[in-house]
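Notes to accompany the following structure.
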Amino acid sequence: MRDFRQIIEILKEYIAYQKRAGRIYDKDVAKLLNISQSKFATIKKRNSTPYVELLEYCNRENICCKKIFFD
């Protein structure tokens, strides 16, 4: 199972592909997960995974959670 830092990178790649954008920042990921930037920074620093927010995002975007959480 991936840790939160790895999950962030997976989400950034997905977002960049979907939006055809170059660089995606942590604030962009926080916004999509409906988390404030300060809370996101704390979660990232502690390397704890916000499962509820990630699962809600996967449900909204019709993304298979397996692709995000596992290799």
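Using only side-chain charges placed at the Cβ, +1 for Lys and Arg and -1 for Asp and Glu, the dipole size of the chain relative to its Cα centre rounds to 200 debye. For the chain, the relative contact order works out to 42 percent when only alpha carbon pairs closer than 8 Å and six or more residues apart are counted. Modelled spin-label separation between Asn62 and Asp3, with each label point placed 7 Å from Cα along the Cα-to-Cβ direction: 3.5 nm. Of all stretches in the chain that contain no chymotrypsin sites (Phe, Trp or Tyr not before Pro) in a DSSP loop with at most 14 other Cβ atoms within 10 Å, the longest one is 26-69. Of all stretches in the chain that contain no trypsin sites (Lys or Arg not before Pro) in a DSSP loop with at most 13 other Cβ atoms within 10 Å, the longest one is 24-71.
Taking a point 7 angstrom from the Cα of Gln37 along the C-beta vector, which residues in region 10-28 have backbone N less than 15 Å away? Flagged as within label range: 24-28. Quick one, could you list the DSSP H helices from the chain stretching 20 Å or more along their long axis (Cα atoms) with average Kyte-Doolittle hydropathy of -1.0 or above? In the chain, the long hydrophobic H runs are 4-19. The lysines whose alpha-carbon is closer than 21 Å to the alpha-carbon of Lys44, local same-chain residues fewer than 8 away aside, are Lys12, Lys27, Lys31, Lys66, Lys67.
Which one, (1) 18, 35, 20, 14, 10, 3; (2) 22, 47, 27, 4; (3) 20, 60, 20, 0, gives P(r) over Cα pairs in 10 Å bins from 0, in percent as derived from the coordinates shown? Here P(r) over Cα pairs in 10 Å bins from 0, in percent agrees with entry (3).
The calculated 222 nm mean residue ellipticity attributable to helices in the chain amounts to -20000 deg cm²/dmol, summing -39500 (n - 2.57) over DSSP H runs of n ≥ 4 and dividing by all residues.
Coordinate-derived values only; no laboratory data. Since the model is a prediction, treat every value here as computed from it, not as a measurement. Glycine gets a Cβ as well: all are built from the backbone with ideal geometry, and neighbour counts include every protein chain shown.
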